[in-house]
Amino acid sequence: MTEIRVLSDEAQFRTHTAVFRRAMHMPIPNDEQWQVVLPSYEPDRVLAAFDGDEMIGTTQSYGSSLVVPGGAVVPHAAISRVGVRADYTRRGVLTALMREQLETLPDPVATLRASEGRIYGRFGYGLAGRWRSVEIDAKRAVVAGEMVGRVRMIDADTADKLLPELHEAIGLTRPGQIGRWTGWWARERDRKSHAENSVTVVHSGPHGDDGFLTYKVTEEKEFKHRMSIEDMVWANDDAWRDLWIYASRLDLVDQIEADIALDAPVSWLFEDPRVVHTKDVFDEIWLRLVDVERMLQARTYGASEPVVIEVRDRLLPANNGSYRVSPGGAERVDAPADFAIPVDLLGAVYFGDTTFSQLAATKRITGSRFGQADALFAVPQKPLCGTFF
Ligand SMILES: CC(C)(COP(=O)(O)OP(=O)(O)OC[C@H]1O[C@@H](n2cnc3c(N)ncnc32)[C@H](O)[C@@H]1OP(=O)(O)O)[C@@H](O)C(=O)NCCC(=O)NCCS
């Protein structure tokens, strides 16, 4: 019999990490490493499944915030450390954990990164944002023109202090971006201290610091290096362009690799756009609308005729019902729907990464007025989170 409990003390958190990491086939932290992991546990947000006294499954969330289309920022749960002990899988343990977590989350929306694409749809998570992994031929990557601001290299201690402040000051602007919590920065500090050659540069423009880039360079062959962009944050186009100029002009680097938004105009920086090769397009954001009404009201809509959408949610039945979406906003209505959609697919269209018409073509939704719904949910920018957790 599986029982779900909220964990509250350090010993339980440590077992939680061990169960999760075993499920992921990762090593378990030693005492020193544990001190880095511990701050990432937030009381009230950590759940575990038990068989008697034995912990057999885990999940947790971090309290964060999320930008939605139109720019509003809403409270957000970043779901992490999902795992079930290998000797207990396929017996409904994850199902029990997910149900309890969704029913008790204080936030109207949750996102996660999925280890496998078939796990989370049944729990109402939709694939809402993808990124593009690119490789840039740095030796041929010529940017016309010069930087307009200045880039300076900072040491690890300065980065520890400055980056969280700068990230906060730059703020959240792009749909899909999330706020970074204290434990996130602690893990980042630890990761960088173990990563060889992790370097941070800060950009400043006329109004002070307005962007940063963290990267790592590895030698692949003698005098042949690969630069991996690990974190890039910017407040304006000048900072973004200058950081790319810095990256593309780094001596001894042959290749640059980065994960960028699907619509990021990186190719247009270079005189020869073919220097940017797309290696992969991979899912980044899995989105769960926990409070559908609030989340439909939080975002803005394009110009079109209104549509009525019936939402179906097996796990959170309070979301079931019809919603009228128009350029002015969204509201619950008692009216016949143009089409019905399961909550995971509503999550998939929420950021505009995919459209209702594309889903209708696959027959995963049926009905009418998909063109109008597409126009309402259309976005000027594809989503990107850019913060791994
Ligand atoms: C993924 C994982 C958490 C699933 O836990 P679980 O307790 O076996 O899941 P459940 O028994 O509740 O399964 C619920 C349903 O999802 C399906 N399912 C679960 N994991 C699946 C997977 N990896 N691929 C396909 N289907 C999966 C089950 O078959 C079941 O379907 P059914 O209801 O039609 O029978 C577990 O297998 C695990 O820990 N995997 C390794 C770690 C991992 O990948 N964690 C996720 C990190 S994002």
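Bear in mind these aren't lab numbers, they're just calculated from the coordinates by the rules spelled out. Computed from a predicted structure; not experimentally measured. Heads up, the Cβs are rebuilt from the backbone with ideal geometry, glycines too, and the neighbour counts pull from every protein chain shown.
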Inset, instruction - In debye, nearest 20, what is the charge dipole magnitude of the chain about its Cα centre with +1 on Lys and Arg Cβ and -1 on Asp and Glu Cβ, if you could check? - result: 1000 debye
Legend entry - Ascending count of other beta-carbon atoms within 10 Å, so fewest first, for LEU262, LEU296: LEU262, LEU296
Inset, instruction - Taking only Cα atoms and a 10 Å spring cutoff, compute GNM fluctuations for the chain and point out the largest among ASP210, ASP51, ASP291. - result: ASP51
Inset, instruction - Find which of GLY367, ALA110, THR182 sits farthest along the positive direction of the dipole of the chain, computed with +1 on the beta-carbon of Lys and Arg, -1 on that of Asp and Glu, about the Cα centre. - result: GLY367
Legend entry - Dipole magnitude of the range 133-282 about its Cα centre (Cβ charges: Lys, Arg +1; Asp, Glu -1), debye to nearest 20: 100 debye
Inset, instruction - Go through 229-236, 283-290 and give me the packing order, highest mean Cβ count within 10 Å leading. - result: 283-290, 229-236
Legend entry - Nearby lysines by direct alpha-carbon distance to LYS192 (threshold 28 angstrom, same-chain neighbours under 8 apart not counted): LYS139, LYS161, LYS216, LYS221, LYS224, LYS279
Legend entry - Magnitude of the charge dipole, the range 292-377, Cβ model with Lys/Arg +1 and Asp/Glu -1, debye to 20: 140 debye
Inset, instruction - Return the inverse of the average 1/r over all pairs of distinct C-alpha atoms in the range 313-389, which is the Kirkwood hydrodynamic radius, in Å to one decimal. - result: 13.7 Å
Inset, instruction - Could you give me the percent of Cα pairs per 10 Å distance bin for the range 164-323, shortest bin first, beginning at zero and ending with the bin that holds the maximum distance? - result: 8, 27, 31, 19, 12, 3, 0
Inset, instruction - Convert each backbone phi in the range 109-125 into a coupling constant with the Karplus relation 6.51 cos²θ - 1.76 cosθ + 1.60 (shift: θ = phi - 60°), then list the ³J(HN,Hα) values in order as whole Hz, x for Gly and Pro. - result: 8, 9, 9, 8, 9, 9, 6, 9, x, 9, 7, 9, x, 5, 9, x, 8
Inset, instruction - Putting +1 on Lys and Arg Cβ atoms and -1 on Asp and Glu Cβ atoms, find which of ALA330, ALA195, TYR215 reaches farthest to the positive end of the dipole of the chain. - result: ALA330
Inset, instruction - Take each complete run of DSSP H in the chain, measure how far its Cα atoms stretch along the helix's own axis, and keep only those covering 18 Å or more with mean Kyte-Doolittle hydropathy at least -0.5; list them. - result: 156-170
Legend entry - Proxy reagent accessibility, fewest Cβ within 10 Å first, across ASP107, ASP237, ASP190, ASP242: ASP237, ASP190, ASP107, ASP242
Legend entry - Among TYR246, VAL311, GLN101 the positive-end extreme of the charge dipole of the chain (Cβ point charges): VAL311
Inset, instruction - Could you tell me, in Å, what Rg and Dmax come out for the Cα atoms of the chain? - result: 22.3, 69
Legend entry - Relative intensity, log₁₀ I(q)/I(0), of the range 1-45 from a Debye sum that treats every alpha carbon as a point, q = 0.23 Å⁻¹: -0.87
Inset, instruction - Would you mind pulling out the separation of the Cα centroids of the range 124-187 and the range 1-74, in Å? - result: 26 Å
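Expressed in nm to one decimal, what extension gain is obtained for the pair GLU222 and GLU257 from 0.36 nm per residue of sequence separation less their Cα-Cα distance?
Once the chain is fully extended between GLU222 and GLU257, it gains 10.7 nm.
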Inset, instruction - Sort the following peptides by mean Cβ neighbour count (other Cβ atoms within 10 Å, averaged over residues), highest first: 72-78, 344-350, 19-25. - result: 344-350, 72-78, 19-25
Legend entry - Hydrodynamic radius by Kirkwood, which averages 1/r over all alpha carbon pairs of the range 1-136, in angstrom: 16.0 Å
